[in-house]
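Undergrad: One structure, as structure tokens, below. Some questions next.
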Amino acid sequence: MPALEIPKIIGHRGACAYAPENTLASIRKAAAQGARWVEFDVRLTREGDLVLMHDEDVKRTTNGRGRVVDLSLAELGALDAGAWFGGAHAGERVPSLVDTIALLGELGLGANIEIKTGKPEARTMAEALARILAKHWPSAAAPPLISSFEVEALEAMQAVAPRWPRGLLLQELKGDWRGQLERLGAATLNIDQKPLDAGKIAIARQAGRPVLCYTVNDSARARQLFAWGVSAVFTDRPDALLAG
């Protein structure tokens, strides 16, 4: 499989400043704005499928109620995932990961897939993701980066599908983060940009992995981070950063 090549600008949940997050519309918008990669979140459904959703509960970004893990793929697919963002997006659906992979192929986009899960479902989640990627991810395409804050999910991915590169998500550099990177065989370190300065980025880069920062919507801040050695940033506004 081709090596992991991460562009400097990655659309966050698609282009979620312009379209409802974690929807096919948002991914299309990111591609239209020139993004070459997008990041999105996946969660486990009741019967073991995966859908795009950030929150544990669907209420913030759909017209439904309940935890994603308690709902079926059909129930989730029937929800309106766009009306909350504005009338122009009413009727936008909660996409499955399978449908999302198909769209990525059509648009020629790479992806950072973030696993959203609790510890109890981490292994099941990893097995579902590994199964879907093995069946649906195009063999000629660059591999997706699989990231998570949940170490157990990354450990499970390492065990069941080590071929897919993993990214460790952190809010800040604390604890045994270097040891975690090593134990997980992580390909990247994905970290919140807010507390970072030149010194902290220098420390992060000593671990020998590309440093990816979330979420950066200001062009000047992006330029600063790149000057300090950050490899890529996630943004809600790909157009602004690509222009800046």
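Undergrad: Using the Cβ atoms and a cut-off under 14 Å, what net charge is assigned to the surroundings of ALA161, where Lys and Arg are +1 and Asp and Glu are -1?
TA: So the surrounding residues net to +3.
Undergrad: So how do ASP57, ASP197 line up by other beta-carbon neighbours within 10 Å, fewest first? Write out the running numbers ahead of the final one.
TA: Values: ASP57 16, ASP197 10.
Lowest to highest Cβ neighbour count: ASP197, ASP57.
Undergrad: How large is log10 of I(q)/I(0) for the chain at q = 0.10 Å⁻¹ when the intensity is taken from the Debye formula with one equal scatterer per alpha-carbon?
TA: Each listed q maps to, in turn, -0.44.
Undergrad: At a threshold of 8 angstrom on Cα-Cα distance, excluding pairs fewer than six apart, so keeping six or more, what relative contact order does region 159-244 reach in percent?
TA: 24
Undergrad: With a 10 Å Cβ neighbour count serving as the proxy for reagent exposure, in which order, fewest first, do ILE191, ILE6 appear?
TA: Details: ILE191 24, ILE6 20.
Ranked by crowding around the Cβ, least crowded first: ILE6, ILE191.
Undergrad: I would also like to ask the following. Only Cα pairs under 8 Å and at least 6 apart count here; give the relative contact order of region 1-40 as a rounded whole percent.
TA: Taking the mean separation of contacting Cα pairs over the length of region 1-40, I get 45 percent.
Undergrad: Enumerate the amide H contacts of TYR214 below 5 Å, restricted to partners 5 or more residues apart or on another chain; note that Pro and chain-start residues carry no placed amide H.
TA: ILE191, ASP192, GLN193, PHE234
Undergrad: With respect to the cross-link table entries LYS29/LYS59; LYS116/LYS194; LYS174/LYS194; LYS59/LYS200; LYS59/LYS116; LYS135/LYS194, which display a Cα-Cα separation exceeding 26 Å?
TA: Distance filter (> 26 Å) returns LYS59/LYS200; LYS135/LYS194.
Undergrad: Counting DSSP beta bridges in the chain, what percent are antiparallel, to the nearest 5?
TA: Working: 5 of 33 bridges.
So the antiparallel bridges amount to about 15 percent of the total.
Undergrad: Next question. What is the set of long-range amide H partners of PHE149 at a cut-off below 5 Å, with H atoms built 1.01 Å from backbone N?
TA: LEU169
Undergrad: While we're here: Among LYS29, LYS174, rank each residue by its count of other Cβ atoms within 10 Å, from fewest to most, as a rough exposure measure.
TA: By the 10 Å Cβ count, ascending: LYS174, LYS29.
Undergrad: Follow-up question, since we're still on this one. Taking 7 Å along the Cα-to-C-beta vector as the label spot, tell me the LYS200-ALA32 distance in nanometres, rounded to one decimal.
TA: Spacing of the two 7 Å Cα→Cβ label points: 3.5 nm.
Undergrad: Which shape class applies to region 1-123: rounded if a/c is under 1.5, otherwise prolate when a/b exceeds b/c and oblate if not, where a ≥ b ≥ c are the square roots of the Cα gyration tensor eigenvalues? Walk me through the numbers before you get to the answer.
TA: On the way: a/c = 1.99, a/b = 1.24, b/c = 1.60.
Verdict is oblate for region 1-123.
Undergrad: Quickly rank 99-105, 124-130, 12-18 as a protection proxy: mean count of other C-beta atoms within 10 Å, highest first.
TA: Final packing ranking: 12-18, 124-130, 99-105.
Taken together, the values in this text are just the output of simple stated rules run on the coordinates, not laboratory data. Since the model is a prediction, treat every value here as computed from it, not as a measurement. No Cβ is skipped: glycine too gets one built from the backbone with ideal geometry, and neighbour counts run over all protein chains shown.
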